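Report on one structure; see the data block that follows.
The values are calculated or read from the model by the stated rules, or taken from the named source; none is laboratory data. If you're wondering where the values come from, they're calculated on a predicted model, not measured in any experiment. All Cβ positions, even for glycine, are placed from backbone atoms using ideal geometry, and neighbour counts span all protein chains on display. Keep in mind that these areas ignore ligands, DNA and RNA; they rest on the heavy atoms of the full protein, side chains included. Shrake-Rupley method; radii C 1.70, N 1.55, O 1.52, S 1.80 Å.
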Amino acid sequence: MAENVTYTLKDFKSSNEVRWCPGCGDHAVMNAIQKAMATLGKKHEDYAVVSGIGCSSRFPYYMSTFGFHTIHGRAAAIASGVKSANPNLSVWQISGDGDALAIGGNHFIHTVRRNIDLNIILFNNRIYGLTKGQYSPTSERGKVTKTSPFGTIEEPFNPGNLVLGARGTFFARSIDSNVKHSQEVCTAAAKHKGTSVVEVLQNCVIFNHGAYNDINDPKTRADRQIFLKHGEKMLFGANNEKGLVWENGDLKAVVVGENGYTIDDVLVHDAKTESMNLHHALIEMALPSLPVAFGVIRDVEAPFYDEEMEKQIAHVQETRKITCMDDLLNSGDTWEVE
Amino acid sequence: MGDLRLMKGNEVVAEAAIRCGCDGYFGYPITPQSEVMETLMLRKPWEETGMVVLQAESEVASINMLYGAASTGKKVFTSSSSPGISLMTEGISYLAGAELPCLFVNVQRGGPGLGTIQPSQADYFQAVKGGGHGDYKLIVLAPASVQETNDFMDLGFELAFKYSTPVMLLTDGVIGQMMEKVELSDFKPRWTDEEIERISGEWACLGKKDRPRHVSTSLELDSEKMEQNNHRFQAKYQSIQENEVRYEMLNCEDADYVMVAFGSSARIAQKSMEIAREKGIKVGLLRPITLFPFPIKQIEELAGRVKGFLSVEMNAGQMVEDVKLAVNGKVPVEYFGRYGGMIPTPGEIVTALEQKLIGG
């Protein structure tokens, strides 16, 4: 599909009025995705955007592509249906943390396990926004919401862990306010063959405002975010003066040049390794002792379902013994009565 | 006078549940009923009565938590709105098949599919005719006010345990969201294990020593035995039909025409009746309170002395089929309704009455 087509972000916007709240992080994520789509070299008509239910799931209405606003939690299954029936399409699933991980948790892990070539963009605002402020499967323990006025008593999911648990081949993390970075990881997700999951940390201005302030405060974020790139040192801080090292079976944040740590001690990010150990540690990193990891954390080549399916069909068609109705009637449990 | 309050229908579902000694609630947010769980969480009944309130990860989870909880013989319920009830129908069929008592509240919104968040009565067929698979019926109570919402929570549990069967409160976005004066019920304590043992008998999983073993199930591979089970269900539904019909009749004594309407459309039809009477049209209102069991005999009796019926519904014409079955061709039966989240006005209903029945 390497045709010479040039698009801009505007080519992917629909004429529908965008009804997300002013200031909602969804606006920025949509821009990032539209910019990514404009530069992928795929034809406009080859994109299909599938969503479930929730604020982010209004996405297909705002896209000029073919869209499918489906059932709560079922977007992954429906997107799998779209991709299997028409493997030439570039299928993007837009889901929130409620849609993909609560009611849709089952479909989510099985889609990742099956490794069908979908791009799942997971808008994680850690709250149910559309139903006006109940806790979600990613709400932190103790979170006060309308359905947990005294704090939740449940552990949240870390979406990346689910992806690894399902032996996923691609996981990236981004944040709504960093449109350029979101565009980069969405582009990488689109290029990956198999199920790509991009978790976008997204601020809900109405029901969970400031959920990521500790990570994203402009004054401190250089020390609290690390942007990983395959083949590059894991460095962060305003002047890249900090780095990640492996010590006592876990990651550790150090200042290069202090306490005997040199640049040689700092790890190099390998997104392509099949081993999940370091990817898991990177996904798990949390404040205050470690920065939060952004970028493509895992991007591993593996057989993917839609191609495997096509191969299997072709193979069976080539090698089948039954080629006509008579063959079929005389196959299996049939015999001649004498 | 009891405890008088101004409350939303959804809030009253929660309050009435606590007051009638409910043991547990399992839910998932969906508009227009999220206030049920929010009110329960705010009220902290676990501190007051020990009642459990749990936000599940989906309606599929909440119905199955309810299935498990019901097997312990306790008073448990869930609530949702139309798309969420569709997700629950598998569990509802199993609960009916396993003959476990429990309560569902459906605060209906417009469909099909995701539809809209505005009120509707389009789940009548789903509630009354099954929804899930197999030959089963739910007892369906249709409150027309916030007060009835309060009253039917306790009544719903009473019927569920009397017949060992699931019961549904079929309300809608109007009743759930509107605020009205309500006299709340007095507090009843939750049942003790001894009471559960007395009420539910052997099947309740109580965790007590020296009770006979029981396996809760809806499965029976021997079809002759399964037919026997179904005979038992049908006998139960027959008994419910004979003993539990509830309805309200207004101005039917001298009526030439009768409107049949339930829930919020009955409230609107009542106003239409007043307007029509002012115009000199002798019209009455029959409001089924139980949708199953349906007031068949009452309609049969009216059919012998009125000129026609108008079924008024916030759907595309569902209950009208049951009215027609009861009338059995004796007089004309017409339907009027708005749907997809739209609510009929009293004037529209009067016009329909005039055009479809009187003018025709």
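Do the conditions hold for B:Glu334, that is, is it touching a strand residue (DSSP E or B) at 6+ places or on another chain (Cβ under 9 Å), of a type in the set (D, E, K, R) and either at positive phi or open to solvent by less than 70 Å² (accessible area, probe 1.4 Å) (or both)? For B:Glu334, the condition - touching a strand residue (DSSP E or B) at 6+ places or on another chain (Cβ under 9 Å), of a type in the set (D, E, K, R) and either at positive phi or open to solvent by less than 70 Å² (accessible area, probe 1.4 Å) (or both) - is met.
Surrounded by fewer than 22 Cβ atoms within 10 Å (Cβ to Cβ), outside the structural domain of B:Gln108 (by TED's automatic domain parsing) and not polar (S, T, N, Q), is that true of B:Gly329? Give the steps one after another, and end with the answer.
On the way: surrounded by fewer than 22 Cβ atoms within 10 Å (Cβ to Cβ): yes; outside the structural domain of B:Gln108 (by TED's automatic domain parsing): yes; not polar (S, T, N, Q): yes.
When the stated conditions are applied, B:Gly329 passes them.
Scanning the stretch B:121-129 for any residue that is more than 14 Å from chain A (Cβ to nearest Cβ), among the basic types (Lys, Arg) and closer than 19 Å to B:Tyr67 by Cα turns up nothing.
Taking strands (runs of 3 or more DSSP E) as the structural unit, those lying wholly within the stretch A:240-338 and holding at least 1 residues that are within 23 Å of the chain's Cα centre (by Cα) correspond to A:292-299. Name every residue in the stretch A:9-48 that is farther than 18 Å from A:Ala188 by Cα and among the β-branched types (Val, Ile, Thr), in order of residue number. A:Val18, the sole residue that qualifies. One residue stands out among those in the stretch A:77-97 that are under 16 Å from the mean Cα position of the chain (by Cα) and within 14 Å of another protein chain (Cβ to nearest Cβ): the one that is most open to solvent (accessible area, probe 1.4 Å), which is A:Ala77. With the condition kept exactly as written, say whether any residue in the stretch B:70-77 is within 14 Å of chain A (Cβ to nearest Cβ) and either part of a loop (DSSP other than H, G, I, E, B) or more than 23 Å from B:Arg232 (Cα to Cα) (or both). No. Residues satisfying the criterion are absent from the stretch B:1-21 (criterion: over 18 Å from A:Lys132 (Cβ atoms) and within 12 Å of chain A (Cβ to nearest Cβ)).
Yes or no, residue by residue, for (1) under 30 Å from B:Phe262 (Cβ atoms); (2) outside any loop (DSSP other than H, G, I, E, B); (3) open to solvent by less than 40 Å² (accessible area, probe 1.4 Å):
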{"residue": "B:Lys137", "(1), (2), (3)": "yes, no, no"}
{"residue": "B:Asn150", "(1), (2), (3)": "yes, yes, yes"}
{"residue": "B:Lys162", "(1), (2), (3)": "yes, yes, no"}
{"residue": "B:Val167", "(1), (2), (3)": "yes, yes, yes"}
{"residue": "B:Glu180", "(1), (2), (3)": "yes, yes, yes"}
{"residue": "B:Arg190", "(1), (2), (3)": "no, no, no"}
{"residue": "B:Asp210", "(1), (2), (3)": "no, no, no"}
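Pick from A:Glu140, A:Glu155: which is open to solvent by 10 Å² or more (accessible area, probe 1.4 Å), part of a loop (DSSP other than H, G, I, E, B) and either at the interface with another protein chain (Cβ under 10 Å from one of its Cβ atoms) or closer than 18 Å to A:Leu201 by Cβ (or both)?
Working: A:Glu155 fails: either at the interface with another protein chain (Cβ under 10 Å from one of its Cβ atoms) or closer than 18 Å to A:Leu201 by Cβ (or both).
The match here is A:Glu140.
Being hydroxyl-bearing (Ser, Thr, Tyr) and modelled with pLDDT under 95: is that true of A:Ser95 here?
Values: hydroxyl-bearing (Ser, Thr, Tyr): yes; modelled with pLDDT under 95: no.
Answer is no for this residue.
If you go through the stretch A:41-51 and keep only what is under 18 Å from the mean Cα position of the chain (by Cα) and at pLDDT below 95, you end up with nothing. Within the stretch A:68-83, identify whether any single residue is assigned to a loop (DSSP other than H, G, I, E, B) and touching a Lys or Arg at 6+ places or on another chain (Cβ under 7 Å), and answer yes or no. Checked against the condition, which is being assigned to a loop (DSSP other than H, G, I, E, B) and touching a Lys or Arg at 6+ places or on another chain (Cβ under 7 Å), the stretch A:68-83 yields no hits at all. Cβ-Cβ contacts under 8 Å between residues 6 or more apart (or on different chains), taken from a first residue in the stretch B:36-47 that is facing another protein chain (nearest Cβ under 7 Å) to a second residue that is among the basic types (Lys, Arg) and open to solvent by 30 Å² or more (accessible area, probe 1.4 Å), are listed as B:Glu38/A:Lys146; B:Met41/A:Lys146. Scanning the stretch B:309-323 for residues that are surrounded by fewer than 20 Cβ atoms within 10 Å (Cβ to Cβ) and under 19 Å from B:Gln355 (Cα atoms) yields B:Ala316, B:Gly317.
Of all the residues in the stretch B:52-86, those that are surrounded by 24 or more Cβ atoms within 10 Å (Cβ to Cβ) and charged (D, E, K, R) number 2. One residue stands out among those in the stretch B:117-135 that are open to solvent by 10 Å² or more (accessible area, probe 1.4 Å) and of a type in the set (A, V, I, L, M): the one that is nearest to B:Met319 (Cα to Cα), which is B:Ala122. Scanning for something surrounded by fewer than 19 Cβ atoms within 10 Å (Cβ to Cβ) and assigned to a loop (DSSP other than H, G, I, E, B), does the stretch A:106-116 turn up at least one residue? Scanning the stretch A:106-116 turns up no residue that is surrounded by fewer than 19 Cβ atoms within 10 Å (Cβ to Cβ) and assigned to a loop (DSSP other than H, G, I, E, B).
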